[in-house]
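The values are calculated or read from the model by the stated rules, or taken from the named source; none is laboratory data. Model, not experiment: these values are computed from the prediction. Here the Cβ positions follow ideal geometry from the backbone for every residue, glycine too, while neighbour counts run over all protein chains shown. The accessibility values were calculated without ligands, DNA or RNA, using every heavy atom of the protein model including side chains. Shrake-Rupley method; radii C 1.70, N 1.55, O 1.52, S 1.80 Å.
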Amino acid sequence: MKATRKLLAFSTFALLTLSMAQQGFAASAPFTDLQNVAAKNKIMALQQQGILRGVDDHRFMPDATITAAQGIQLIVSAFQLNIDNIRFIKEPKATDYFAKADNDAWYSNVLIIAANNGLDLPADLEPEQIWTKEQFIHQLMLAMETHYNLPMIKIAPRDFADLEQLNPSYQGTIQRALVLGIAKLDDGQKMHPRDAITRQEAAEIIYNALEYVKAHPGPAESTPAK
C-alpha cells in the first residue's frame, strides 16, 4: 500500500532539506577504494555532483550494502525530490507514514519527502532493513517516472536467467529499467533481484537513471498528483 500524504491548509511547514551529513556520510576527497570497481567513473561523477558521499573522508566502501533508509535517501537526493509546495495540516512526522520509523533519526525528513513523491513504500517499512536490488530499482523507477512525468512506453519484456526470482509486483518497473538501460544483467544474463544491493550497484543505477533523464528531458513535478 502507498503511504498517504497529508495535504492542504495551515501555513507552510518549515522547509525540510535533505542533508547527507544526517546519514553520517562525511564530505570526502576523491575516494581511494575504487581501484578495481567497474563503476568507478560513474561513482566519481556522482560524488562531484554532491549526490554521493563517502563513509569517511576517503572511503566509499563500494561493496557495502545499503538499508532502505539509505536507498531512499539516494533516490531523494538524486532526483532532488522535495515537499516545498505542499501545505500540511500539521507538522509532518515520519511515523505519520511509516509506523516503524524513528522521528528523531537522520532519515526522518527523507521518509517524509519520499512518502509525498510517488514511491511505493509500505506503511510497515523497516528503515534499517537491508534493501534488495529489486526493491531499490522498483522505488527508483517509480520516483523517476513520477517526478519527471515520463511518458509510458510500450516495451518488449526482457527474458533473463533468473526471471523466476523476481517479485511479480516489480515486473513492470524492473522490465522498464532493463529496457531503458538503467539496470543491467550480468555476463550470465542474470539480474540477482533478491540479492542485497551494494553501494556501487546503487550508484551505477542512479547514474544511469540521471543520464536517461538528461537524454529524455520532460517537465519535472516536485509533487505528484494523487
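Report yes if some residue within the range 95-118 is in a helix (DSSP H, G or I), more than 16 Å from the chain's Cα centre (by Cα) and farther than 27 Å from K214 by Cα; otherwise report no.
Step one: list which residues in the range 95-118 are in a helix (DSSP H, G or I), which gives 95-96, 108-115.
Still in the running and more than 16 Å from the chain's Cα centre (by Cα): 95-96.
Checking which are farther than 27 Å from K214 by Cα leaves us with 95-96.
Yes, the range 95-118 has at least one match.
Among the residues of the range 181-196, is there at least one that is open to solvent by less than 40 Å² (accessible area, probe 1.4 Å), modelled with pLDDT of 95 or more and under 15 Å from the mean Cα position of the chain (by Cα)?
yes
For every residue, the table says whether it meets (1) modelled with pLDDT of 85 or more; (2) part of a loop (DSSP other than H, G, I, E, B).
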{"site": "S11", "(1), (2)": "no, yes"}
{"site": "L18", "(1), (2)": "no, yes"}
{"site": "L34", "(1), (2)": "yes, yes"}
{"site": "V37", "(1), (2)": "yes, yes"}
{"site": "I43", "(1), (2)": "yes, no"}
{"site": "L46", "(1), (2)": "yes, no"}
{"site": "I51", "(1), (2)": "yes, yes"}
{"site": "F60", "(1), (2)": "yes, yes"}
{"site": "A69", "(1), (2)": "yes, no"}
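Just checking, which of P127, P168, P157, P151 is touching a helix residue (DSSP H, G or I) at 6+ places or on another chain (Cβ under 8 Å) and loosely packed, with under 14 Cβ neighbours inside 10 Å? Lay out the reasoning, then the answer.
Working: P127 fails: loosely packed, with under 14 Cβ neighbours inside 10 Å; P168 fails: touching a helix residue (DSSP H, G or I) at 6+ places or on another chain (Cβ under 8 Å); P151 fails: touching a helix residue (DSSP H, G or I) at 6+ places or on another chain (Cβ under 8 Å).
Only one candidate passes the filter, namely P157.
Regarding the range 58-69, can at least one residue be identified that is within 26 Å of Y212 (Cβ to Cβ) and among the polar types (S, T, N, Q)?
yes
Out of N41, N103, N109, N82, I need the residue that is within 22 Å of G181 (Cβ to Cβ) and surrounded by fewer than 23 Cβ atoms within 10 Å (Cβ to Cβ). Which one? Spell out how you get there, then give the answer.
Numbers: N103 fails: within 22 Å of G181 (Cβ to Cβ); N109 fails: within 22 Å of G181 (Cβ to Cβ); N82 fails: within 22 Å of G181 (Cβ to Cβ).
That would be N41, the only listed residue that is within 22 Å of G181 (Cβ to Cβ) and surrounded by fewer than 23 Cβ atoms within 10 Å (Cβ to Cβ).
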